[in-house]
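Okay, structure first, notes after.
The values are calculated or read from the model by the stated rules, or taken from the named source; none is laboratory data. A quick note: this is a predicted structure, and the numbers were derived from the prediction, not measured. Here the Cβ is made from the backbone with ideal geometry for all residues, glycine too, and neighbour counts use every protein chain on show.
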Amino acid sequence: MLLTILSFIIVLGILVLVHELGHFIAARLAGVQVDEFGFGFPPRVFGHKAGKTLVSINAIPLGGFVRLKGEAGDNAHDPDSYASLSPGKRFTILVAGVVMNFLLAWLLLTVGFMVGTPQEIDSSLPQASVSDSKMLIIEVAPESVADRLGLQPGDTLVSIDGKTFSSPDDVVSYIQAHTENALNLHVARGKTEFEYSAKPEAYKDSPTPILGIATIRAGLVRYGFFTSLWMGARTTVQMSVAVAAALIQLFVLLFTGAGFSDQISGPIGVAILAGQVTRLGIQYVINFTALLSINLGILNALPIPALDGGRMLFIVIEKIKGKAVSAKIESLAHSIGFIVLIALVAFVTYRDILRFGGSLFK
C-alpha cells in the first residue's frame with residue numbers, strides 16, 4: 001500500500017508541477033504577477049513566500065493551481081495584472097499548461113526509447129540495440145494443455161527440452177515436430193521458475209496437436225538520441241489520438257444513456273495502477289507517466305467551465321463578441337463547473353472503491 005501511495009503522489013506531483021509551471025512561465029513572460037503556486041486544493045497545509053509568490057501545499061492532493069493577480073477581473077488597470085492583458089496573451093497563459101503536458105510526454109517517451117522500451121523484436125527496428133531478449137508467452141488458449149498447466153500471458157518460455165528459440169516460428173515448428181512425446185517446458189514468471197512436462201493435444205480446429213500458447217520474441221530495445229526524439233514525438237501523437245478517441249467514446253456513451261465504462265478509473269484506480277507499474281520497472285513508469293500527462297493535457301483543454309479549456313472558451317467568446325462576458329456570469333459558470341467536477345471525481349472514486357476493494361491495501 002505504501003508503494004501505491006508514494007508512486008501516486010510522485011507521479012501526480014510531477015504532472016501538476018509541470019502543468020502549473022507552464023502557466024507560471026507564460027504569466028511571468030507576459031509580466032503578470034503570480035500570487036500563489038499551489039499543489040493540491042485548499043484547505044492550505046503549508047505556505048512559503050518566494051518573492052511575491054506564495055508556494056502552498058494543500059490538503060486535497062488531486063491537482064494544483066496558479067493564482068494570478070487580476071484573474072478575477074480586479075486590478076484591470078495594473079500593468080502586472082492578468083485582467084490588463086489582451087485576449088491573445090490571456091489565452092496563451094491558459095494554453096501553456098496543456099502545452100507543457102504534451103512536451104513532458106514527448107520528453108518522457110524520448111527518454112524511455114533511449115533507456116530502453118520492452119517490445120516485440122523484429123527485423124524492422126531502426127538503429128536499435130536489443131538486450132534481455134526472451135520468448136514471451138502472450139496468449140494461452142482456454143482449456144488447452146497450457147491452460148491446465150497454469151501458464152499465463154507474460155510468462156517467459158525459457159526452453160523446451162533444454163532447447164532455446166530465437167523466433168515464434170521456431171517454437172511452433174518444434175512443437176509440431178514432437179507431438180508424440182511429452183515436452184519438458186522451462187518457464188519463468190518474474191524471478192520464479194517452473195518446470196512442466198506435457199504432451200501436445202488436439203484442440204478444436206487445429207490441424208495438429210498443440211500446447212495452446214502463442215509467443216513473441218521480446219526484449220529491451222534502445223534507440224539513439226535523434227531516433228528517440230522522432231519516435232517520442234510520433235508516440236505522443238499516437239497516444240493523444242487514442243486518448244481523444246476514448247474521450248469521444250465516453251461522451252457518446254454518457255449522452256446515449258449507456259453510462260460509465262468499467263475501464264474508467266478515478267484517483268484510487270490511477271494510484272493502484274501507479275503502484276503496479278512501479279513494480280514492473282522504470283521503463284513502464286516512464287510510459288505510464290507520459291500517458292497520464294497526455295490525459296491531463298487533453299482533459300484540461302476540454303471547453304468545460306473550471307478547466308483551462310472552459311476559461312479559453314470564454315476568451316474565444318470575448319474575441320468574437322468584441323467584449324468580455326460578465327465577470328459574474330463567468331464566475332458562476334466556473335463555480336458550477338468546479339462543483340460538477342468534484343462530484344464526478346467523488347462518484348468515480350466511489351466506483352473505484354467498489355471495484356478494487358482489497359487492492360487498496362496491497
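Looking for whichever is more than 17 Å from the chain's Cα centre (by Cα), among the β-branched types (Val, Ile, Thr), in a helix (DSSP H, G or I) and closer than 30 Å to Ile353 by Cα here; the options are Val252, Val277. Which one fits?
On the way: Val277 fails: more than 17 Å from the chain's Cα centre (by Cα).
From the options Val252, Val277, the qualifying one is Val252.
Do you know which of the residues in segment 189-203 that are in contact (Cβ under 8 Å) with a residue 12 or more places away in the chain and loosely packed, with under 14 Cβ neighbours inside 10 Å is farthest from the chain's Cα centre (by Cα)?
Among residues in segment 189-203 that are in contact (Cβ under 8 Å) with a residue 12 or more places away in the chain and loosely packed, with under 14 Cβ neighbours inside 10 Å, the one farthest from the chain's Cα centre (by Cα) is Lys199.
Mind checking which pairs have a first residue in segment 319-330 that is assigned by TED's automatic domain parsing to the domain that holds Lys89 and a second that is not β-branched (Val, Ile, Thr), Cβ under 7 Å, 6 or more apart or different chains?
Taking only residues 6 or more apart or on different chains, the pairs are Lys319/Pro87; Ala324/Glu318; Val325/Phe314; Val325/Glu318; Ala327/Gly73; Glu330/Phe314.
Criterion first (within 15 Å of Thr156 (Cα to Cα), in contact (Cβ under 8 Å) with a residue 60 or more places away in the chain and not in a loop (DSSP other than H, G, I, E, B)) does Arg222 satisfy it?
Numbers: within 15 Å of Thr156 (Cα to Cα): no; in contact (Cβ under 8 Å) with a residue 60 or more places away in the chain: yes; not in a loop (DSSP other than H, G, I, E, B): yes.
No; evaluated as a whole, the condition is false for this residue.
Is it the case, given these coordinates, that Ala306 is aliphatic (A, V, I, L, M), at pLDDT below 90, on the phi > 0 side of the Ramachandran plot and not in a helix (DSSP H, G or I)? Break it down stepwise before answering.
Details: aliphatic (A, V, I, L, M): yes; at pLDDT below 90: yes; on the phi > 0 side of the Ramachandran plot: yes; not in a helix (DSSP H, G or I): yes.
In short, yes.
Answer yes or no as to whether Phe46 is over 30 Å from Ile282 (Cα atoms) and of a type in the set (Phe, Trp, Tyr). Step through it out loud before you land on a result.
Values: over 30 Å from Ile282 (Cα atoms): yes; of a type in the set (Phe, Trp, Tyr): yes.
In short, yes.
What about Ile298, is it within 25 Å of Ala333 (Cα to Cα), in a loop (DSSP other than H, G, I, E, B) and either assigned by TED's automatic domain parsing to the domain that holds Leu183 or β-branched (Val, Ile, Thr) (or both)?
Details: within 25 Å of Ala333 (Cα to Cα): yes; in a loop (DSSP other than H, G, I, E, B): no; either assigned by TED's automatic domain parsing to the domain that holds Leu183 or β-branched (Val, Ile, Thr) (or both): yes.
Here the answer is no, as Ile298 does not meet what is asked.
Suppose we filter Leu21, Leu54, Leu15, Leu6 for residues that are surrounded by 19 or more Cβ atoms within 10 Å (Cβ to Cβ) and assigned by TED's automatic domain parsing to the domain that holds Ala301; which single one remains? Let's see the steps before the verdict.
Working: Leu21 fails: surrounded by 19 or more Cβ atoms within 10 Å (Cβ to Cβ); Leu54 fails: surrounded by 19 or more Cβ atoms within 10 Å (Cβ to Cβ); Leu6 fails: surrounded by 19 or more Cβ atoms within 10 Å (Cβ to Cβ).
Step by step, each of Leu21, Leu54, Leu15, Leu6 is checked, and only Leu15 is surrounded by 19 or more Cβ atoms within 10 Å (Cβ to Cβ) and assigned by TED's automatic domain parsing to the domain that holds Ala301.
Quick check on segment 338-349. Is at least one of its residues in contact (Cβ under 8 Å) with a residue 24 or more places away in the chain, in contact with a strand residue (DSSP E or B) (Cβ under 9 Å, 6 or more places away or on another chain), surrounded by 15 or more Cβ atoms within 10 Å (Cβ to Cβ) and within 25 Å of Gly266 (Cβ to Cβ)?
Checked against the condition, which is being in contact (Cβ under 8 Å) with a residue 24 or more places away in the chain, in contact with a strand residue (DSSP E or B) (Cβ under 9 Å, 6 or more places away or on another chain), surrounded by 15 or more Cβ atoms within 10 Å (Cβ to Cβ) and within 25 Å of Gly266 (Cβ to Cβ), segment 338-349 yields at least one hit.
Kindly indicate the residue of segment 277-286 that is over 10 Å from Val11 (Cβ atoms) and touching a helix residue (DSSP H, G or I) at 6+ places or on another chain (Cβ under 8 Å) and also modelled with the highest pLDDT among those meeting that condition. Before the answer, list the steps.
Quick first cut of segment 277-286, residues over 10 Å from Val11 (Cβ atoms) only: 279-284, 286.
Next, from what is left, pick out any that are touching a helix residue (DSSP H, G or I) at 6+ places or on another chain (Cβ under 8 Å): 279, 282-284, 286.
Details: Arg279: 74, Ile282: 82, Gln283: 82, Tyr284: 83, Ile286: 91.
The selected residue is Ile286.
Got a number for residues in segment 24-48 being crowded, with 20+ Cβ neighbours inside 10 Å and of a type in the set (D, E, K, R)?
Residues flagged as crowded, with 20+ Cβ neighbours inside 10 Å and of a type in the set (D, E, K, R) within segment 24-48 amount to 0.
Taking Thr208, is it surrounded by 14 or more Cβ atoms within 10 Å (Cβ to Cβ) and of a type in the set (Ser, Thr, Tyr)? Lay out the reasoning, then the answer.
Numbers: surrounded by 14 or more Cβ atoms within 10 Å (Cβ to Cβ): no; of a type in the set (Ser, Thr, Tyr): yes.
The answer is no for Thr208.
Leu104 - would you say it is touching a residue at least 40 places away in the same chain (Cβ under 8 Å), under 30 Å from the mean Cα position of the chain (by Cα) and not in a strand (DSSP E or B)?
Numbers: touching a residue at least 40 places away in the same chain (Cβ under 8 Å): yes; under 30 Å from the mean Cα position of the chain (by Cα): yes; not in a strand (DSSP E or B): yes.
It is true that Leu104 is touching a residue at least 40 places away in the same chain (Cβ under 8 Å), under 30 Å from the mean Cα position of the chain (by Cα) and not in a strand (DSSP E or B).
Tell me, which residue of segment 178-201 that is outside any loop (DSSP other than H, G, I, E, B) and of a type in the set (A, V, I, L, M) is farthest from Arg148 (Cα to Cα)? Let's see the steps before the verdict.
Start the filter on segment 178-201 by keeping residues that are outside any loop (DSSP other than H, G, I, E, B), which leaves 183-189, 192-198, 201.
Adding the requirement that they be of a type in the set (A, V, I, L, M) leaves 183, 185, 187-188, 198.
On the way: Leu183: 15, Leu185: 14, Val187: 14, Ala188: 17, Ala198: 10 Å.
Among those that are outside any loop (DSSP other than H, G, I, E, B) and of a type in the set (A, V, I, L, M), it is Ala188.
Would you mind finding the one in Ile342, Ile336 that is modelled with pLDDT of 90 or more, closer than 27 Å to Leu94 by Cα and assigned to a helix (DSSP H, G or I)? Steps first, please.
Values: Ile342 fails: modelled with pLDDT of 90 or more.
After applying the criteria, what remains is Ile336.
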